[in-house]
1. Around Tyr103, which amide H atoms from residues at least 5 apart in sequence, or from another chain, sit under 5 Å from its own amide H, with H modelled in the peptide plane?
2. Based on other C-beta atoms within 10 Å, arrange Asp121, Asp78, Asp112 from fewest to most.
3. Name the residue from Asn104, Val124, Phe143 whose Cα lies farthest towards the positive end of the charge dipole of the chain, charges +1 on Cβ of Lys and Arg and -1 on Cβ of Asp and Glu.
4. Which whole-Hz couplings ³J(HN,Hα) result when phi for each residue of the stretch 40-48 is put into the Karplus expression 6.51 cos²θ - 1.76 cosθ + 1.60, θ = phi - 60°, listed in order with x for Gly and Pro?
5. Report, by chain and number, residues whose modeled amide H sits under 5 Å from the one on Arg153, excluding near sequence neighbours (fewer than 5 apart, same chain).
6. Helix 19-34 versus the longest principal axis of the chain: what is the Cα-based angle in degrees, 0 to 90, to the nearest 10?
7. I need the peptides 82-89, 38-45 ranked by packing, meaning the mean over residues of other C-beta atoms within 10 angstrom, with the highest value on top.
8. Could you sort the peptides 127-136, 176-185 by per-residue average Cβ neighbour count (10 Å cutoff), highest mean leading?
Amino acid sequence: MRSLWPLFLSGLVLSQVDPRADNLIKRSRKKLHSLESFVVQFAYQVENKADTTQKRIAKSGTLRYRPRQNKFAVDMNDMLILCDGKTLWQYLKKENEVTITSYNPKEGFSLDRIFRIYDMDMKVRLDKSDTYKGQTIHKISLFPISDTTDYFRVEVWINEATELPQRIRFAHRDGTVVEYELKNFQVMALPDTEFVFDSRKYPGISVVDLR
């Protein structure tokens, strides 16, 4: 007869939910989902701690986002990425070149994933709560129940007052660590023109249309 002990242990681990952490995540998810559109400044870095031959990548910029419609605009020093929900434009500023492709929601831009992790089936744990500049920040760890994800742990720092994430770190199974810092959330109406690339504004631009 097959032993039921491993199944029992597995069920026990998956049933362990930190009530406070679960409540914080649910509140933050509700707050994010309530935002029709917003602007936020971000910085991110990518580093593979298992492969020292790879250089650390660090970038920053501004994100304009309508999450329910998959419309976004990512403005960085070297690149501008726009999407109206159907078409994706990637403009290289130095080269004055734009590449146009059809947008695939399953291959969303990298920043999109940080606003989707709350919808994943994960175990959660409250690690600690600290006060920074008079505000309470909660650090929560999330562990995917499925082993099909490319990351095995996500750490989220949530502002108690705003209920919004301030920092998110993904630990990937291949040793890569991706960290995002978010600041200055501004809820505001964003016109459709914010998410459509107008090549007429860039004299001499090279257009590569791959649709």
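Derivation of every value follows stated rules applied to the coordinates shown; laboratory data play no part. Because the structure is a prediction, the values reported are computed rather than measured. Using ideal geometry, Cβ is built from the backbone for each residue, glycine included, and neighbour counts are taken over all protein chains shown.
1. Thr87, Leu88
2. Asp121, Asp78, Asp112
3. Of the listed residues, the answer is Val124.
4. 8, 8, 9, 9, 9, 9, 10, 8, 9
5. Under 5 Å from the amide H of Arg153: Ala171.
6. Computed tilt is about 20 degrees.
7. On the way: 82-89: 19.0, 38-45: 16.5.
In decreasing order of mean packing, 82-89, 38-45 become 82-89, 38-45.
8. So the peptides 127-136, 176-185, ranked by packing, come out 176-185, 127-136.
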